[in-house]
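One structure is given below, encoded as structure tokens.
No lab work stands behind these numbers, since they all come straight from the coordinates. Source: prediction; values computed, not measured. Cβ atoms come from the backbone with ideal geometry, glycine included; neighbour counts cover every protein chain shown.
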């Protein structure tokens, strides 16, 4: 059985060859490359073209670009961080194709920071044994990459753009092949309200699901729309339990909600220390890399020390950098801290873990193909197998870049072989799929509270069961209101709440099933890694009986 969001019938229809949903590094790279292959492309994005997660990436992009560094060394660091669940073939593709992909990015105008000899400046971050992180504007790498890609996209008059548009559901033909999407455009004119885009292939590059938690580094648009769409369309989703909590997010108080300012890992890469309330460097002796251990290890250590001391945060000490280094290397972080009354030049920076990156997502192969024919996924919405149980710092921008190029190459090959035909789809008939009752906008805050309390950094059988029960109660309330003919109105806020509810349920189901601690999944009732019973992936699907989670090698 297929599902769809409750929504009005599409009032308009457009047609293209490839529709790309999302405008970060992954989505825009796909669009630019399929255009080179002679395909028509349309980019649909939820806000403005540069409002996704890419622009917020501070640290940089990892690639073996430095003297003495090799893809093999990058592969080794990635596999270690992934805690036994990386797909080595996917990682090998990432690290071997990554350096040239970065050079192509430079070729379209991305300007990275250079040294006096004109070579790319490289820094270190957690889990890396070499300096291989290229950065731009000190700590504004994502913003520079986004700027270059947006400029290239806007200079192509044949590439159609639809901004302020929330994707709703997948359209398929009679054979179950992706044939387009339905969407809601928050604008005026011909493309206003719910419409449909018919396409030969659909690429999801919708980013993450960080807004499922109360505190996150993700922008407000990161509500898991792509994963929710994929589940409703029958696609397989993998390893959702592996949510990376960034160790050092600026602590704004116990009641702070929504997007929180990130304090990049590169700050520790340049030599800042983590200290507790007594000034003790608690990471020393816990890992060979101390503050530069993989993110899951640092986040757990911070959380553990917070619990031991009964405090709500730890501190990052970069006072020894001096004013000049802060201003030159980390101007964005410096400004952000000062805007909140903290001067890193003279003050300790209060930090605590917050939801940051989904290592799992829509399951894909090495060409970005999902389990639904004609539906592709790349970037944070996808699970390529690169990250395993925990993402290595600064691999995300590289993954988006490399696998976007792989998707475009696959589509170009299909097009050249005449294997990318137009798909017949009954746009009106698509509404015959089972309509999901919508949750009210206020359910969003309750979902976030439930997830932060029971499925955050620390989890257990009891906490995940309580979270699942709370989510089930919200779903029953939505069904009751619908049955009583008092349903929530179909609009952006209710669609987002409903998407968040679905991905929250899938995440909790996987977190409850995996009875071990591995990577960024921490079960306090099962504190050890268990390769005997859990050295496999958890695959989630949605059918007529609800969400199903199964183990798979």
Residues 407, 145, 302 arranged by fewest to most Cβ contacts within 10 Å | 302, 407, 145
Using only the Cα atoms of the range 436-547, build the gyration tensor, take square roots of its eigenvalues as a ≥ b ≥ c, and label the shape rounded, prolate or oblate: rounded if a/c is under 1.5, else prolate if a/b is larger than b/c, else oblate.
-> prolate
Surface/4 of the Cα convex hull for the range 290-400, nm² = 9.3
Rg and Dmax [Cα atoms of the range 170-327; Å; Rg one decimal, Dmax integer] | 21.6, 65
Give, in nm to one decimal, the length gained when the segment between residue 532 and residue 347 is fully stretched (0.36 nm per residue of separation minus the Cα-Cα distance).
-> 61.9 nm
Hey, what's the Cα Rg ratio for the range 247-355 versus the globular rule of thumb, 2.2 N^0.38 Å?
-> 0.99
Using a ≥ b ≥ c from the Cα gyration tensor of the range 45-180 (square roots of the eigenvalues), is it rounded, prolate or oblate, where a/c under 1.5 gives rounded and otherwise the larger of a/b and b/c decides, a/b for prolate?
-> oblate
Dividing the alpha-carbon radius of gyration of the chain by 2.2 N^0.38 Å (N being the number of residues), what value is obtained?
-> 0.92
